[in-house]
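Notes follow once the structure below has been shown.
The values are calculated or read from the model by the stated rules, or taken from the named source; none is laboratory data. Source: prediction; values computed, not measured. Methodologically, a virtual Cβ is constructed for each residue, glycine included, from the backbone with ideal geometry; neighbour enumeration extends over all protein chains shown.
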Amino acid sequence: MADPNTKHMPQKSANIAAGAVVCVESEIRGDVTIGPRTVVHPKARIIAEAGPIIIGEGNLIEEQALIINSYPENIMPDTEGVEPKTMTIGINNVFEVGCVSQALKIGDNNVIESKADLGKNVILTSGCIVGACCQVNTCEVIPENTVIYGSNCMRRVQTERPQPQTLQLDFLMKILPNYHHMKKTVKGTSTPVRN
């Protein structure tokens, strides 16, 4: 039962494009747009508090991954005059198990590996890999094709971008609906069906 004393923001529903596979067991809050051919596993969390989140085509968001557009620590949600900031995620990105991403801009063909943590002031360009358990909380633009790896978060530049996970996406889009309930979309549009 909801506490009548707590203030609730108006609940906005997710806008899920046709062709996306989004499990009911995932948590999606706020103004979230999910592009076609994107797969959201059960227990993944996408939370839009400080502004909308726009997720492009062909992204893979695995279990316990957290994508959050949150307010800075020094600003409260009810502060006057705070402009909403849109979080934009490009195409063919992979968010592996247990990673956390607060980056407001993520390009294309990136891999955020298991337990990696991207801070709010990071801009991830394209073709980057953030290795397992690496934390990137600096205020910077990560150059294209950068690999961040190891316990010291060392960096190097790779010659090619990571390959898109096309085969894995195709497999998951076929298999997940057999074992999990999906959030429904209207065929041919990106308007969600109301329950």
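For Ile47, the conditions (1) more than 21 Å from Ala20 (Cβ to Cβ); (2) in contact (Cβ under 8 Å) with a residue 12 or more places away in the chain are fulfilled apart from (1). Scanning the stretch 101-138 for residues that are closer than 17 Å to Ser151 by Cα and buried (at least 18 other Cβ atoms within 10 Å of the Cβ) yields Ile112, Glu113, Ala116, Asp117, Leu118, Ile129, Val130, Gly131, Cys134, Val136.
Here Asn145, Asn178 are screened, and the one residue that is free of Cβ contacts under 8 Å to residues at least 24 places away in the same chain, surrounded by fewer than 17 Cβ atoms within 10 Å (Cβ to Cβ) and over 17 Å from the mean Cα position of the chain (by Cα) is Asn178.
When the stretch 148-162 is filtered for residues that are touching a strand residue (DSSP E or B) at 6+ places or on another chain (Cβ under 8 Å) and surrounded by 11 or more Cβ atoms within 10 Å (Cβ to Cβ), the ones remaining, listed by number, are Ile148, Tyr149, Cys153, Met154, Arg155, Val157, Gln158, Pro162.
What number of residues within the stretch 139-184 are of a type in the set (Ser, Thr, Tyr) and modelled with pLDDT under 85?
Residues in the stretch 139-184 being of a type in the set (Ser, Thr, Tyr) and modelled with pLDDT under 85: 1 in total.
Whether any residue in the stretch 118-138 is under 19 Å from Glu62 (Cβ atoms) and at pLDDT below 95 is what I want to check. No; the residues of the stretch 118-138 include none that is under 19 Å from Glu62 (Cβ atoms) and at pLDDT below 95.
From the set of residues in the stretch 155-183 that are among the hydrophobic types (A, V, I, L, M, F, W, C) and in contact with a Gly (Cβ under 9 Å, 6 or more places away or on another chain), which is farthest from Asn110 (Cα to Cα)? Checked the stretch 155-183; the qualifying residue farthest from Asn110 (Cα to Cα) is Met173.
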